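Structure, as structure tokens:
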Amino acid sequence: MSLTTDDVRHVARLARLALTDGEVEELRGELSAILAHVEQVREVATPDVPPTSHPYPLVNVLRADEPRPSLPPDEAVSTAPEAEDGRFRVPRMSHSEG
Amino acid sequence: MSTTTSVEQATRYEAVIGLEVHVELATRTKMFCGCAIGFGGEPNSRTCPVCLGMPGSLPVVNGAAVESAIRLGLALGCEIAPTSQFHRKNYFYPDMPKDYQISQYDVPICLRGELRITVDGRERTIGITRVHMEEDTGKSLHVGGSGRIAGSDHSLVDYNRAGIPLLEVVSEPDLRSAEEARAYLAELRAVVLALGISDAKLEEGSMRCDANVSLRPVGHTVFGTRVEVKNMNSLRSLGRAIDHEIERQTRVLTAGDPVVQETRHWDEDAGVTSPLRSKESVDDYRYFPDPDLLPVEPDADWIDRLRAELPELPAVTRARLAGLGLPAPQVAVLVDTGLVRVLDAALAAGAAPALAANLLTNDLVGWAAANGTDPADAPLTGAALAELVGLVADGTLSTKLARQVLEAVLGGEPGGPRAIAEARGLVQISDTAELEAVVARVVAADPAAAQRVRDGNAKAIGALVGAVMRETRGRANPRLVNELLERHLHP
Amino acid sequence: MHALLTASAPELLALQEAGDASAVDIARAHLDRIAATDDRVHAFLHVTADAALAAAADVDRRRAAGEPLGPLAGVPVAVKDLFATCGVPTTAGSRILEGHRPVYDATVVARLHAADAVVLGKTNMDEFAMGSSGENSAYGPSRNPWDLDRVPGGSSAGSAAAVAALQAPLAVGTDTGGSIRQPASLSGLVGVKPTYGLVSRYGMFAFASSLDQAGPFARDVAGAALALEVIAGHDPLDSTSIPQAAPDLLAGLERGVEGLRVGVVAEFLATDGLAPGVKARVEDAIQRLGKLGAELVDVSLPHAQYALPAYYVIAPSECSSNLSRYDGVRYGLRVPAETAEQMMAVTREAGFGREVKRRIMIGTYALSAGYYDAYYVSAQRVRTLVTRDFADAYRRCDVLVGPTAPETAFRLGAKTADPLSMYLNDVFSIPSSLAGAPALSLPVGADERGLPVGLQIMAPVLGEATMLRAARALEADLALDPVPSGANALEAPRP
């Protein structure tokens, strides 16, 4: 498995990481090596083996619909890098989502 | 038929429409945390480490939201999945606290249902692909510029809405016109209201609708390129947006151009759609099962209990109300506004159907429109309506005075209809002795009119009736007044 | 050496009950030790001295008043900086959370407080628990008290270093693929990774949600068992928490290994790269178990070799999603930029270290369209195979044993250039992590350089009591001095 720098840049964009050119080049090599290693999983992962996503099997873990106290509003934004009028302030958004 | 028209002009297109509807659930708490759901209040006052996506916080599923999903699925005739899972939909956006949305992906809770709609007297069955559970995002306030995202200087995020449970109902692309889309959305809304799982207000965003619209030449079976249209916040706006989009795509195709696969934003004021973002730039959502959450596996007992508890659905309600002799347009208003709940409570308390229905669809709906509120929010209980109907039925109130009493009740006046009517002196005079005296005075005061009546001019009695009503400030029982005058003048 | 510093947690409880030491004496001794030694060990990122002394004074007051006290009353505990502590800086060893003060306590922290433990502060760690040496901390590495030129192991580097340096009798760490066991092995400590779901993850900053599990470090088995009892048990705030009360781990601790079936994992001892000094000590420990009455059984975990590659798909995939929230909007670092999207990208670029970025990139790639089935789903299938291997083995034995880590403590910088060589440190610990099963590391002696070697004891899901009982029997038989040879020298001023 060998990645191109374009592959690395695409993944970095998905992951919202503004990597430097140097990092892109370094990661290209490192990720290629790691991916080559982890590809071994495909040798034994045949479709007849079901995937395990939770190590301890539980189902229907549900909560009663009963309110619990929320944070005081000033506490909610106490951790914010920037807040205004009790809201989290961010630079302008470039597009809409969802 | 002329055969000289060009090929382009001869090509006729058929619209293929599917709707994705988000329903905000009216549970007491959010989908994955115990923050209360409510309107208004300070920004970020209904948040906690979980719905703010604070490091280390973990989601726990609200059982009531799961029940709401199953109930809607059962009402739509869906299969309830024996096991369903929550997935993470990964994308970065400031209004999403974790920068992923907990949603359902390949194993949603409800699959394959249907909804019957009637347009122009023709019934159609629209397929439901799936109903799945997810969480809502926060809300951004765009500061600077026009207050829209474009041209704004910065944004302020409030996470009070973040984590409110949503059901997403995805239809098959079975709809063929704006009218059908509107009918589908209205019917889905009626089902949701009947279930009581959401207040389903399109204008306020507790029910939101996106439309996938494509065109194909009539007779073709292959789908055309699909455009997703967003931001319709009323039935009317849905209809307008789809009609506009059909026209736009028709122009594009007629000009020989391809339709671009994209998401378009409906501008209600301008009456046009414009591109929001093109599908080429769409994120790769990297769905995977949320390791913080476990599968939901409703067993047969649970599903059976929920099925047994399902309320009457709108189609059945309509038939039942028609059976009571209510006309179809009135039945439609009762069902679409959700006022049928009030009506049914009043009927249970012994109210006469026609009178009760009239007070709701004429007087209450009119009052709500004048006050700019949703009829469903009007503060009228079935018991109060039944009491008011009783006052009309036994002649205590005229229908005109009943409206005044209703408005007093809706305006928040305490005490109930009878007490209000009495306190305001509105109670109709049906006391024969009391009215006899008034009639005698009125006849004595206008001997000319009395003589005309005696001479056989039946219309002349109107002036005398009017005089009695004036003297009693409108409270005299009109039927009794007529009777007494007749008896007085034709002994 | 101050007797209060070498005492185990049960001994500290006994000293207080006998009136021979107060909780304040104990807290002060450990805070003094931290002040005297941490410039070299660098186990702590934040010491909560005032709060610790106040909590200790409260214990003393309540003891004097005859009020009931919790099971860890007056016992100092160091907490990995991955657990939310209300109002106290919690960084996860990352620049992106520098100065972050959570608005709530993790369940583990709340349970320590409820047990009247005295929390000394927050310990250093590999950034977001990604690493096996402590060198990935944004705040500089911790050092191994057995040899300050060497790493204490990781990612719970500071928790291990603090207990080994006698700065705390107990510490809490987290283990995703070996982050408690490997540093316990390298630092000569008992370190327990419990059954997945036994200890609540609420308030523990997530690395890989389906693998992360909190557990204790101690210099003795009983101390570790006591601490685990306190932090274990169902928590309704964590959906994956097992709905059972905390197990009783102390009652049967001294019952011995007579008749216990101990499986020796053939693949582990035959692994290339297993240091001879480690292999010798581990084999000796296994023979001792046999002499103590255990029945030794040869077992095989044929898919164990695929556990490491599966782990390096699953953990980065989950981490890529778990770490998305560090976007500069709600908490932590923000690097200004024109648009929100740019701000997120430059903040994350500046705030995350190399290893974290590497794993986010691997995980993002593995989950992306077209690769999901090949990587993520395949790795989940391997997880099933590894779990089945364990199930087969446990049909024939009660616990499994093998080395915890392939080698003893290595020098700082020895493995930082090659991520894969660093990953190999967890080759023996990862299989139990994938199976969600408990495992611990017990010191079983030293290699030719005098560096500690750990024996890994593994058990089936919820088999903690048996696992700890086996460890205790071996601990008693070995009777090692748990105090690092160089511990006294730490007090001396730096040359």
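The values are calculated or read from the model by the stated rules, or taken from the named source; none is laboratory data. What you see is a predicted model; the values in this text were computed from it and never measured. Note: ideal-geometry Cβ built from the backbone for every residue, glycine included; neighbour counts use all protein chains shown. The area values use the complete protein model at the heavy-atom level, side chains included, leaving out ligands, DNA and RNA. Shrake-Rupley method; radii C 1.70, N 1.55, O 1.52, S 1.80 Å.
Taking the Cα centre of each part, how many Å lie between segment C:337-375 and segment C:123-195? For segment C:337-375 versus segment C:123-195, the Cα centre distance is 26 Å.
A loss of 30 Å² or more of accessible area (1.4 Å probe, protein heavy atoms, ligands and nucleic acids excluded) relative to the isolated chain is seen in these residues of segment B:9-44: B:28, B:29, B:34, B:43, B:44. In the complete set of protein chains, residue-level accessible area for residue A:92 is approximately 80 Å², probe 1.4 angstrom. From most to least packed by mean Cβ count within 10 Å, the peptides B:306-319, B:41-54, A:69-82 give B:41-54, A:69-82, B:306-319. Working from label points 7 Å from Cα in the Cα-to-Cβ sense, the residue A:68 to residue B:28 distance is 1.5 nm.
Which shape class, rounded, prolate or oblate, goes with chain C when its Cα gyration tensor gives a ≥ b ≥ c as root eigenvalues, a/c under 1.5 marks rounded, and past that a/b bigger than b/c marks prolate? Provide the component values of the computation, followed by the final result.
Details: a/c = 1.43, a/b = 1.04, b/c = 1.38.
The shape class here is rounded.
Rolling a 1.4 Å probe across all protein chains gives residue B:253 an accessible area of roughly 50 Å². Rolling a 1.4 Å probe across the protein heavy atoms gives chain B an accessible surface of 42 Å² per residue. For the residue pairs B:89/C:122; B:89/B:230; B:98/C:122; C:291/C:415; C:122/C:279; B:89/C:415, the alpha carbons lie more than 30 Å apart in B:89/C:122; C:291/C:415; C:122/C:279; B:89/C:415. For segment B:10-301, the share of accessible area belonging to carbon and sulfur comes to 48 percent (1.4 Å probe, ligands and nucleic acids excluded). Counted as membrane-span-like here are DSSP H helices of chain B whose alpha-carbon atoms extend 24 Å or more along the helix's own axis and whose Kyte-Doolittle mean is 0.0 or above; these are B:178-195. Placing a label point 7 Å from the Cα of residue B:463 along the Cα-to-Cβ direction, the residues of segment B:398-440 whose backbone N falls under 18 Å from that point are B:439-440.
Applying 0.36 nm per residue to the separation of residue C:254 and residue C:480 and subtracting their alpha-carbon distance, the gain on full extension is 79.6 nm.
Per-residue ellipticity at 222 nm from helix content only, as computed over chain C with -39500 (n - 2.57) for each DSSP H run of at least four residues, stands at -11500 deg cm²/dmol.
Under 12 Å from a point 7 Å along the Cα-to-Cβ line of residue B:20: which residues of segment B:207-227 have their amide N that close? Backbone N within reach: B:209-213, B:227. Computed over all pairs of different Cα atoms, the Kirkwood value for the hydrodynamic radius of the protein assembly as shown is 33.2 Å.
Once C binds B, the 1.4 Å probe can no longer reach about 2700 Å² of accessible area, counting both sides. Roughly how many Å is it from the Cα centre of segment B:312-346 to that of segment B:22-101, as a whole number? Taking the Cα centre of each part, segment B:312-346 and segment B:22-101 sit 32 Å apart.
Counting Cβ atoms of other protein chains within 10 Å of each residue's Cβ and taking the mean over peptide B:85-96 gives 6. Counting Cβ atoms of other protein chains within 10 Å of each Cβ in B:290-302 and taking the mean gives 5. Take the accessible area of C alone and of A alone, subtract that of the pair with a 1.4 Å probe, and the total buried over both chains is about 5300 Å². Helical content alone sets the calculated 222 nm signal of chain B at -11000 deg cm²/dmol, taking -39,500 (n - 2.57) per DSSP H segment of four or more residues and averaging over every residue.
Ordered by packing density, taken as the mean number of other Cβ atoms within 10 Å over each peptide's residues, highest first, how do B:406-416, C:202-212 rank?
Details: B:406-416: 15.5, C:202-212: 26.5.
Descending mean neighbour count gives C:202-212, B:406-416.
Extension gain for residue B:223-residue B:124 works out to 33.6 nm (0.36 nm per residue, less the C-alpha to C-alpha distance). Between residue B:303 and residue B:247, the modelled labels are 4.6 nm apart [label points 7 Å from Cα along Cα→Cβ]. Across segment C:173-184, computed HN-Hα scalar couplings (Karplus, 6.51 cos²θ - 1.76 cosθ + 1.60, θ = phi - 60°) run x, 9, 9, 9, x, x, 5, 9, 5, 5, x, 4 Hz from first to last residue, x flagging Gly and Pro. When each of the peptides B:335-347, C:232-244 is scored by the mean number of other C-beta atoms lying within 10 Å of its residues, the order from highest to lowest reads B:335-347, C:232-244. Shape of segment A:24-98 from the C-alpha gyration tensor: oblate (a/c of 1.5 or more and a/b not above b/c, with a ≥ b ≥ c the square roots of its eigenvalues). Between segment B:110-130 and segment C:1-49, the alpha-carbon centres lie 71 Å apart. For chain A, the longest principal axis of the C-alpha atoms and the axis of helix A:21-38 are separated by about 70°. The accessible area of residue A:87, taken with all protein chains in place and a 1.4 Å probe, comes to roughly 60 Å². Which FRET efficiency value, to the nearest 0.05, do you get for residue B:261 and residue C:272 by plugging their Cβ-Cβ distance into 1/(1 + (r/R0)^6) with R0 = 51 Å? In this case the efficiency is close to 0.45.
By the Cβ rule of 4.7 Å, the protein assembly as shown holds the following cysteines without a possible disulfide partner: B:33, B:35, B:48, B:51, B:209, C:86, C:319, C:397. Estimate the FRET efficiency between residue C:284 and residue C:449 by the formula 1/(1 + (r/R0)^6), using the beta-carbon distance for r and 25 Å for R0, to the nearest 0.05. Calculated transfer efficiency: 0.90. Geometric descriptor of segment B:432-489, per residue, is 64 Å³ (volume of the convex hull of the Cα atoms). Surface listing: C:291, B:139 arranged by accessible area from highest to lowest gives C:291, B:139, probe 1.4 Å.
Just check segment B:10-301 against the gyration tensor rule for me: Cα atoms, a ≥ b ≥ c as the square roots of the eigenvalues, rounded for a/c under 1.5, and otherwise prolate or oblate depending on whether a/b exceeds b/c. The shape class here is oblate. The label point for residue A:13 and the one for residue B:487, both projected 7 Å from the Cα toward the Cβ, are 9.2 nm apart.
Legend: calculated FRET efficiency, residue B:433 to residue B:319, from the Cβ-Cβ distance at R0 = 51 Å, rounded to 0.05, equals 0.60. Look at the stretch C:353-364: the mean tally of other chain Cβ atoms within 10 Å of its residues' Cβ atoms is 5. Only protein atoms count toward the accessible area here, which uses a 1.4 Å probe; on segment B:312-423, the carbon and sulfur part of that area reaches 59 percent.
Taking Lys and Arg as +1 and Asp and Glu as -1, the other residues whose beta-carbon sits under 14 Å from that of residue B:387 total -2. The ellipsoid equivalent to the alpha-carbon distribution of segment A:5-44 has semi-axes of 23, 11, 6 angstrom, derived from the gyration tensor eigenvalues as √(5λ) and listed largest first.
Relative to the longest principal axis of the Cα atoms of chain A, helix A:5-14 runs at roughly 20 degrees. For segment C:15-143, the alpha carbon convex hull comes to 106 Å³ per residue, rounded to a whole number.
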